[in-house]
Amino acid sequence: MNAWQKLCLLCLFIFSSHGLAYAGSPVWKVSKGESLLYIGGTIHVLSESDYPLSAEFDKAYAQSQTLVFETDIQAMQSPEFQQKVMKKMFYTEGESLKQVLSEETYKLLDQHLTSRGIPIARMENIKPGMVSMTLTVMELQRLGLGGKGVDEHFNSLAVRDKKNLLALETVDEQLAFIEKLGLGQEDEFIRYTLRDINDLAAVMQVIKTTWRSGDVEKMEADLLAPFKRDFPEVYNNLLVKRNKAWVPQVVAMAKSDEVEFVLVGALHLVGKDSLLAELKALGFSVEML
């Protein structure tokens, strides 16, 4: 699987495998003196068989008074936000997907969509970055792997339990990041997605084990390094800059009287540019649960 499709998966899905035993978990305890919070690596879509989540997630949730997500999940589900998505992720009049793709890539996309019973006209006005993510989501849904993710799961629990909710970014900031995906590499993104989408089920199983065990070295070698190599600008904008912007917020949270449980995409917690590495450099102790 190519780095872009891995990025789509890491941005969109929680990889877990109910019933298996592992040595670690994708949940960390971060502390310095009396300062304490938990950080969990997530992917934002689950299948029903992935529940219940591992005990480490439940432990961090139970000991936290505040849940912190990348953005405001409830705001993302509002009609107002959906209208913004339509405006940002769809071409304006006079532009189209066909204009930015080569004839061969456009034909391959048409063939794939036809095999799924979808006319390409439905994608014609969608920008390539969103098309690539949409294709991945559609395939996982077809495989029965699309459903409520960890973020939505814990957001619902926090609302029920009347816990505090915070966000590291506004919905507009997150939409701006998504809008830029694929710019200048439209043809490459679509071709990569189409090339590997048929292997999605097998690759998912491999990534599940790596993620659930908290094997950051393997995640870095198999997921992060290819992504950084193939798409350095996207890597910098989507991960490095956002991690650095989050650090001051997380440090302030750690100093508060409450215990927070911060839930962010798994790739934000891997490698030398990760959120965890930034916190370690500031003298925080980072312990995997």
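Quick notes on this structure:
- In the chain, the longest principal axis of the Cα atoms and the axis of helix 128-142 are about 80 degrees apart.
- Degrees, to the nearest 10: 200-212 long Cα axis against longest axis of the chain: 10
- A Förster radius of 41 Å, combined with the Cβ-Cβ distance separating GLU220 from SER156, puts the computed FRET efficiency at roughly 0.85.
- For the chain, the Cβ-based charge dipole about the Cα centre amounts to some 180 debye (Lys, Arg positive; Asp, Glu negative; other atoms uncharged).
- Amide H contacts of THR42: VAL264, GLY265, ALA266, each under 5 Å away and 5 or more positions distant or on a separate chain (H built 1.01 Å from N in the peptide plane; Pro and chain starts excluded).
- Options ALA60, LEU140, ALA75, ranked by Cα towards positive dipole end of the stretch 3-288, top entry (Cβ charges): ALA60
- All lysines inside 23 Å of LYS280 as judged from Cα atoms, apart from same-chain residues fewer than 8 positions distant: LYS29, LYS32, LYS59, LYS218, LYS228, LYS241, LYS244, LYS255, LYS272
- Descending Cα extents along the principal axes, the stretch 3-288, whole Å: 60, 38, 37
- The chain: angle of helix 186-196 to the longest principal axis, Cα-based, in degrees nearest 10: 80
- Proximal charge balance of LEU200 [Cβ under 10 Å; K/R count +1, D/E count -1]: -2
- Phi-based couplings in Hz for the stretch 111-123 (Karplus 6.51, -1.76, 1.60; Gly and Pro marked x): 5, 5, 4, 4, 5, 9, x, 10, x, 5, 4, 5, 9
- Less than 5 angstrom separates the built amide H of ALA167 from those of PHE69, all sequence-distant by 5 or more or on a different chain.
- Length-normalised contact order of the chain in % [C-alpha pairs under 8 Å, at least 6 apart]: 39
- Loop exposure criterion: trypsin sites (Lys or Arg not before Pro), DSSP state outside H, G, I, E and B, at most 13 other Cβ atoms within 10 Å. Applied to the chain, the longest stretch between such sites is 1-115.
- Built amide H within the under 5 Å cut-off of SER35, gap 5+: none
- Within the chain, the longest run free of GluC sites (Glu not before Pro) that sit in a DSSP loop with at most 10 other Cβ atoms within 10 Å is 94-289.
Coordinate-derived values only; no laboratory data. The structure presented is a predicted model; accordingly, all values stated were derived computationally and were not measured. No Cβ is skipped: glycine too gets one built from the backbone with ideal geometry, and neighbour counts run over all protein chains shown.
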